[in-house]
Structure formats: C-alpha cells, structure tokens
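Written out below as structure tokens is the structure these notes cover.
The values are calculated or read from the model by the stated rules, or taken from the named source; none is laboratory data. Since we're looking at a predicted model, the values are computed, not measured. In this analysis, Cβ positions are derived from the backbone assuming ideal geometry, glycine residues included, and neighbour counts consider all displayed protein chains.
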Amino acid sequence: MATLKAIEETAYLSAPNVAQYRQIMRLFYREYERMHYRLYKEEVWALLPRDNMPAGYDMGRLEDDLAALVKWKNLVPIQDPGKVYTIAEYKNKQYRYSMSEAAVEIERMALRLETLYIEGANLSSSFFVRLERALQEAAQVSEAGEKEAEAWWSSLQEDFRRLNQSYKDYLRDFYSERAGALMKSMEFVIHKDKLIQYLNEFVQELQRYSRRIARLIEQNKPCIEEKLIPRAAAGIAAIPRTKSVLEPEQRRDIQTELLESWQSLQNWFIDRPEEESESRRVLRITNEIIRGIIQNAALLVQMQNWGMSRKEDYRRFLTLFLRCETLAEAHKLSAHVFGIQGIEHFKTRVAREMDDTSHGVYEEESALYTLKPRTRGYHEKKDRSGFADKTLEKLAQRQEYLREMQRQEEIVRRYIHNGTIVLSEIQEVVPAAVRSVFLQWISRANLTAEKKAMTEYGQHFRLRRDPGTCVLRCDDGNLTMPAYRLEFEEKGGTSHE
C-alpha cells in the first residue's frame with residue numbers, strides 16, 4: 001500500500017504568494033493545452049498578465065517564482081544547448097520549463113473545481129444503456145485480442161465511473177445548505193413537479209435496467225474474470241511508455257486492480273448477503289428525496305394558505321359566542337380566542353340612549369353597521385342558492401360500484417384452477433375488463449424482485465413465466481403476450497370450476 005504522505009506538488013496552492021504561482025501555473029497549463037509544452041522565461045514574461053500581478057513585479061521575481069515551482073516539482077527545467085554561444089551563457093543555464101505530470105493533473109483539478117457548479121451533474125439513463133450493451137458484447141470480445149479487450153474494458157469502466165459520479169454529485173446537492181434554503185422558499189413550489197418527474201423517470205429507468213444488468217453480470221462473470229480481465233490487463237501492460245518496462249509484480253497489480261474494479265461493478269447492481277447493492281440504496285435515497293420534496297411543498301402551500309380567508313373559523317367562533325349565557329363568559333372566550341388586543345377608539349353618529357359617562361358600551365344596545373371596502377373593484381356579493389342533498393344518489397352509485405366489482409371478481413375467479421391461472425390454457429373469449437385486471441396483476445408483480453403481489457381482492461400470488469408466448473382471445477381482439485402463470489398462495493387457492 002502506498003504511503004500517505006504530503007503531496008509536495010500542491011504546495012503552490014497554499015503558499016504565501018499563491019496568486020503569483022497560480023497565474024504562472026495557469027499560463028503553463030493553457031499553453032500545454034495548445035501543445036506548447038516548453039517555455040523560456042522570456043516567453044513566460046511576455047505572456048504573463050501584468051494586471052493580476054503585484055506592483056513592482058519584474059523578471060527577477062519571476063525567476064525566483066520559477067525556481068520555487070521547480071523546487072516543488074511543478075516545473076521541470078531543461079537546459080537548451082541550442083541557445084548557448086558563450087561560456088558565460090552556459091554558466092547562466094538558459095532553461096526551458098515544462099509542466100510535470102502531477103502539475104498537469106493538479107491544474108486540471110483546479111479548473112474543474114472552478115466550473116463545478118456550472119457543469120452540474122445529472123441522472124442520465126444513457127449510462128445504463130451503454131453498460132448493458134457492453135456486457136452483452138462480453139462473450140464476443142472475450143475471443144478477440146488484447147487490444148480489443150483493453151478498449152472494451154476502458155469503455156465499460158468509464159461509463160461506470162461517470163454513472164457513479166453523476167448520481168452522487170446530483171443527489172449530494174439535496175443535502176446541501178443551499179438546497180435546504182431553496183426548498184423552503186415559495187419559488188420551489190413552482191419547480192417541484194418537474195423535479196419530481198425527473199426523479200421518478202430516473203427511478204423507473206434504474207428499476208428496469210438494474211435487474212437486466214445484474215442478470216448479464218451473473219451470466220458473463222466466468223467469461224469476464226477468466227478471459228477478458230487477464231487480456232485487458234495484458235493490453236494495458238503492453239502500451240509503450242517512456243518509463244522503464246513494467247515489472248512482473250506491477251503487471252499483477254494491474255490485474256488485481258481490474259478485478260477490484262469489476263467487483264465494484266458487481267456490488268453496484270447485485271445484492272450481497274451482508275449488504276444491499278448500491279442500486280437499491282440509490283433507489284431508497286431517491287424515494288426519500290421525493291417524499292421530502294412533497295412534504296416541503298405541502299408545508300409551503302399550507303403556510304401560504306394561512307393568510308387566506310378564515311370564514312369557517314370565524315363562523316365557529318361566532319357560534320361559540322352565541323352560546324355564552326353571560327357577558328363574563330363572552331369576555332373569557334374573547335380572551336381565549338383573541339388574546340391581548342390593541343385598544344382602538346371608534347366614534348359613531350348614532351345617538352346614545354344614556355349620556356352618562358360612567359356607563360360602558362356593553363350596557364347599551366348594540367347597533368348594526370355595514371362595512372364596505374373602499375376599493376374600485378369591489379362588488380357586493382350576490383346571494384347564492386343552496387345545493388341539493390345528493391346523499392342517496394351517492395349511496396346508490398356506491399352500491400352499484402360494489403356490485404360491479406363483485407361481478408368482476410366472480411368472473412375472474414372462474415379462471416382460477418387448482419390455485420393457478422395459466423394464461424396459455426384459457427381458450428374462451430375473455431372480456432376486456434378481465435384482460436385489464438390480468439395485465440394489472442402482471443405489471444404489479446413485475447415491479448417486485450420476488451415477483452409477488454396482492455390483488456385488490458386480498459389474494460397473494462407469485463408470477464411465473466413459461467417458455468414461449470400465448471394468445472389471449474378478448475372480445476375486442478387478440479393479445480399476443482408472454483406465457484405467464486399466476487400461482488395464488490392464500491385466498492383464491494382453491495379450484496373454481
């Protein structure tokens with residue numbers, strides 16, 4: 001195992017003069033992207049932007065910075081004998097500087113960090129499609145050469161790496177502080193439907209492809225482990241490099257690393273006895289996020305509705321006030337309902353019955369005032385007529401619906417023989433409604449890993465598939481479908497002839 005020690009090449013990212021060093025390294029990286037790998041210090045000075053450098057920055061300070069970057073192994077100095085014409089120039093050592101391999105990766109990472117939130121992650125199902133296609137080609141590629149095996153393996157691992165990284169980056173945003181603040185704002189309610197639809201589509205694709213990919217992995221596991229991975233490791237080791245030839249131990253390390261990557265791919269789609277698969281964990285996390293989104297949206301809508309009309313609440317409070325037998329009870333109810341109120345004085349033009357200032361307003365007869373809003377768009381509400389009581393009509397509709405469901409259940413039960421419905425053995429014409437019931441049961445069972453489900457009549461059954469297909473004759477046409485059979489475990493397990 002490699003020793004976990006300090007990475008000297010990253011020292012310039014946190015050095016005191018970090019702005020200068022990063023400007024120089026970013027310049028080298030941009031020239032590296034243009035395939036201009038080696039630069040003289042004069043070229044660096046000409047290309048270096050002066051606006052972002054400190055005042056008084058000159059060629060001498062640039063040489064010191066280049067020397068520091070060489071010390072940290074970010075730049076590799078190469079003496080250019082072609083520009084040496086005198087002994088003095090030889091002693092001054094005219095260097096050309098190029099980036100080290102580690103420096104290239106560090107600048108690439110720094111540039112990726114700067115555009116992290118611009119690029120964004122997604123939940124694309126295209127990775128599942130490519131992984132399935134690659135696994136289907138495994139048997140064919142296993143008979144090819146080392147170069148083809150190495151290309152197949154690189155493509156498979158790249159798709160798997162991008163799938164793994166994309167879903168982690170996308171779902172991570174839902175647990176960030178920024179996402180928490182957004183989900184508490186009213187703007188979130190507008191976009192929640194699109195977000196839920198996007199997540200639901202990913203869940204459906206994940207459910208559909210994960211089972212198929214798991215089957216392909218189990219089918220092709222011997223072929224991949226015994227043929228493809230050794231050939232891919234040999235193809236990687238055979239790539240010409242500028243370094244020394246790989247040792248036998250290094251070749252074994254390459255094959256071990258490939259086997260570990262293959263094991264990670266298996267763990268992503270296939271459950272283990274001690275731990276569930278990553279795909280199942282992603283499915284559970286995504287469902288939790290969808291539930292959280294729906295709950296947050298419901299709370300936001302409820303908070304928004306708090307400021308809306310409370311007509312029914314006021315009507316109930318008025319009913320309670322009317323039930324008060326004494327004024328003291330009304331005062332207590334008012335204190336309970338409204339709490340401490342701000343005192344306001346109102347003047348009216350109605351003549352008082354008593355001019356004595358010692359009498360309170362509660363001792364006088366009440367007066368009726370009609371309050372109207374002072375707005376141009378106000379219109380008096382028209383009296384609305386009441387609505388008819390349709391309780392009996394609703395009860396009749398409910399009874400009719402229950403009778404229809406009972407008739408449908410009796411029809412469906414006729415197709416159960418010895419606790420099993422064998423679709424391929426049904427010779428009579430099936431009503432369209434019964435066909436819909438069969439298809440709903442099949443779809444419901446296919447959504448579970450155990451191929452089990454429960455009917456709306458409370459019957460538990462297991463779905464099995466016989467070889468070939470069958471034709472289900474219906475009153476509106478014939479349906480060609482896989483030869484399924486439904487084996488009931490509890491109710492409906494007896495024969496119905």
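Just checking, which of LEU333, LEU402 is assigned to a helix (DSSP H, G or I), touching a Cys at 6+ places or on another chain (Cβ under 8 Å) and without any contact (Cβ under 8 Å) to a residue 24 or more places away in the chain? Working first, answer last.
Numbers: LEU402 fails: touching a Cys at 6+ places or on another chain (Cβ under 8 Å).
Sole residue among the options that is assigned to a helix (DSSP H, G or I), touching a Cys at 6+ places or on another chain (Cβ under 8 Å) and without any contact (Cβ under 8 Å) to a residue 24 or more places away in the chain: LEU333.
Out of curiosity, is LEU439 loosely packed, with under 10 Cβ neighbours inside 10 Å and assigned to a helix (DSSP H, G or I)? Give the steps one after another, and end with the answer.
Working: loosely packed, with under 10 Cβ neighbours inside 10 Å: no; assigned to a helix (DSSP H, G or I): yes.
Judged against the criteria, LEU439 is not a match.
May I ask you to verify whether GLU428 is loosely packed, with under 10 Cβ neighbours inside 10 Å, of a type in the set (Asp, Glu), closer than 30 Å to CYS474 by Cα and within 56 Å of the chain's Cα centre (by Cα)? Walk me through how you get there before you give the answer.
Working: loosely packed, with under 10 Cβ neighbours inside 10 Å: yes; of a type in the set (Asp, Glu): yes; closer than 30 Å to CYS474 by Cα: yes; within 56 Å of the chain's Cα centre (by Cα): yes.
Spelling it out, GLU428 is indeed loosely packed, with under 10 Cβ neighbours inside 10 Å, of a type in the set (Asp, Glu), closer than 30 Å to CYS474 by Cα and within 56 Å of the chain's Cα centre (by Cα).
Taking only pairs six or more apart or across chains, which ones have beta-carbon atoms under 6 Å, a first residue in segment 28-39 that is in contact (Cβ under 8 Å) with a residue 40 or more places away in the chain, and a second residue that is surrounded by 13 or more Cβ atoms within 10 Å (Cβ to Cβ) and not in a strand (DSSP E or B)?
Cβ pairs passing all conditions: TYR29/GLU107.
Would you be able to say whether some residue in segment 274-283 is at pLDDT 75 or above, surrounded by 10 or more Cβ atoms within 10 Å (Cβ to Cβ), within 53 Å of the chain's Cα centre (by Cα) and farther than 30 Å from LEU195 by Cβ? So that I can check it myself, show each step before the final result.
So in segment 274-283, the residues at pLDDT 75 or above come out as 274-283.
Next cut, surrounded by 10 or more Cβ atoms within 10 Å (Cβ to Cβ) only: 275-283.
Subset that is within 53 Å of the chain's Cα centre (by Cα): 275-283.
Restricting the remaining residues to those that are farther than 30 Å from LEU195 by Cβ gives none.
Looking through segment 274-283, none of the residues is at pLDDT 75 or above, surrounded by 10 or more Cβ atoms within 10 Å (Cβ to Cβ), within 53 Å of the chain's Cα centre (by Cα) and farther than 30 Å from LEU195 by Cβ.
What's the number of the condition ALA134 fails, among (1) at pLDDT 85 or above; (2) of a type in the set (Gly, Ala, Ser); (3) closer than 30 Å to SER14 by Cβ?
(3)
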